Amino acid sequence: MIVRKLQECEQSARFIKDPKGDWDSTRMLLKEDGMGFSFHITTIYSGADFMLHYQNHLESVYCISGRGEVETLNDGVKYPITPGTIYILDQHDRHQLRAFEEMKMACVFNPPLNGTEVHNAEGAYELNAEPICE
Ligand code: 9YT
């Protein structure tokens, strides 16, 4: 069994800050753990408004706290995000994420992240990112 604590992960290389300043992500479970998915606690900063398109991954996002919206860009539908909402990107949906206040999210990725991924110009994560070094 593996046991980790968020506060310890936040103080380690598992804590990744978005170079564009929209979010940070504490990657508590990664590919090297062999579970077939990764699990992250993500903070989306208040006022963030950015496009994502996970062409290489499926992602589910559960809102723990905060308020915002996600818009699917193929049809312009906006879905409110409040605590208790999960959105599931089962179609590799291109989407816009907006945080009206800081949001804490629990995120699961399949295939699992290696650990150091940040978004490329298309809002995707590459599959060949470096693993984290602890
Ligand atoms: C909701 C979302 O995709 N935010 C960007 C960060 C991502 N959740 C991650 O890498 O943990």
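The values are calculated or read from the model by the stated rules, or taken from the named source; none is laboratory data. From a predicted model like this one, the values you see are computed outputs, not experimental measurements. Cβ sites come from the backbone with ideal geometry, for glycine too, and all protein chains shown count toward neighbours. Surface areas here come from the heavy atoms of the whole protein model, side chains and all, with no ligands, DNA or RNA. Shrake-Rupley method; radii C 1.70, N 1.55, O 1.52, S 1.80 Å.
Structure values in brief
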item	result
Selection count where residues are over 13 Å from GLU101 (Cα atoms), acidic (Asp, Glu) and either without any contact (Cβ under 8 Å) to a residue 24 or more places away in the chain or part of a strand (DSSP E or B) (or both), scope the stretch 41-91	3
Flag if VAL3 is open to solvent by 20 Å² or more (accessible area, probe 1.4 Å) and more than 11 Å from the ligand (Cβ to nearest atom)	yes
Checking VAL118 against (1) touching a residue at least 12 places away in the same chain (Cβ under 8 Å); (2) more than 21 Å from ASP24 (Cβ to Cβ); (3) not in a strand (DSSP E or B), the condition it does not meet	(2)
In the stretch 13-37, the residues that are touching a strand residue (DSSP E or B) at 6+ places or on another chain (Cβ under 6 Å) and within 21 Å of ARG94 (Cβ to Cβ)	ASP22, TRP23, SER25
